[in-house]
1. At what distance in nm do the modelled label points of residue 120 and residue 75 sit from each other, each positioned 7 Å from its Cα along Cα→Cβ?
2. Considering the Cα trace of segment 124-189, what is its radius of gyration and what is Dmax, both in angstroms?
3. State which stretch of the chain is the longest one without any exposed trypsin sites (Lys or Arg not before Pro), exposure meaning a DSSP loop state and at most 15 other Cβ atoms within 10 Å.
4. Scan the chain and hand back the longest stretch that contains none of the GluC sites (Glu not before Pro) lying in DSSP loops with at most 10 other Cβ atoms within 10 Å.
5. Tell me which DSSP H helices of the chain clear both cut-offs, 27 Å or more of axial length from alpha-carbon atoms and a mean Kyte-Doolittle hydropathy of at least 0.0.
6. Could you work out the mean projected area of the convex hull around the alpha carbons of segment 8-121, in square nanometres to one decimal?
7. Using the beta-carbon distance between residue 155 and residue 43 and R0 = 30 Å, what value does 1/(1 + (r/R0)^6) give for FRET efficiency, to the nearest 0.05?
Amino acid sequence: MLSELKLEQSPKEKLIETATVLFSEYGFHATGINRILEESGIAKKTLYHHFSSKDELIVEVLQRYDHLARQKFKTMVEERAAFPLERIFAFFDVLEDWYEDKNFFGCFFTNAVGEYSAIESEIRAACQNYKKEMRYYLRELCFLAGLPDPEKLGDQLFMLFEGATVIAQVAGDSKSAILAKQTATQLIEQAQQS
């Protein structure tokens with residue numbers, strides 16, 4: 001999914017795109033400013049014209065990636081299914097495709113929080129926003145599907161999404177999405193019977 005995100009190629013956008021790819025694959029701390037400049041072909045002066053620090057660049061990268069990745073994810077789900085209930089199941093199919101992508105390095109936002117653990121930081125806030133929006137998306141699908149207690153069910157599905165993503169990253173098991181989908185099916189069936 002990450003490799004398909006393309007941004008405009010102004011110097012600022014080139015820095016953001018290059019940093020996104022490098023941070024994703026190598027991590028935030030391991031990717032220095034010099035590496036970003038070398039890979040992007042942008043001068044240090046230009047970088048500091050747009051960003052006062054590496055942390056400011058990271059926040060911009062996270063915010064842009066949040067928007068682009070969520071939109072791409074939702075589009076992929078909606079292309080697979082027309083109705084909300086079907087979209088819940090398609091959500092996990094899209095996850096499986098993402099986990100099988102050669103550029104899958106785990107959740108960009110979980111990785112960022114792992115490296116920047118300060119509770120009160122713009123980096124953490126950007127990561128929390130992504131997680132909040134994905135949770136709301138699943139709650140919304142549950143609501144639109146007419147499922148009982150859509151907030152609770154959406155939160156349960158969100159936990160399956162998070163757990164499957166960690167398993168796919170740590171264990172290299174892309175099939176965790178299949179197990180998550182099977183568990184989601186059971187949760188939905190139980191909710192419908194209550």
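1. A separation of 3.9 nm, rounded to one decimal place.
2. Using the Cα atoms of segment 124-189, the pair Rg, Dmax is 12.5, 35 Å.
3. Counting at most 15 other Cβ atoms within 10 Å as exposed, the longest clean stretch of the chain is 7-101.
4. 9-119
5. Sorted by number, the helices that extend far enough and score high enough are 150-171.
6. It is 8.4 nm².
7. The formula returns an efficiency of 0.05 here.
Values in this text are rule-based calculations from the coordinates and carry no lab data. Here the structure is a predicted model, which means the values were calculated and not measured. No Cβ is skipped: glycine too gets one built from the backbone with ideal geometry, and neighbour counts run over all protein chains shown.
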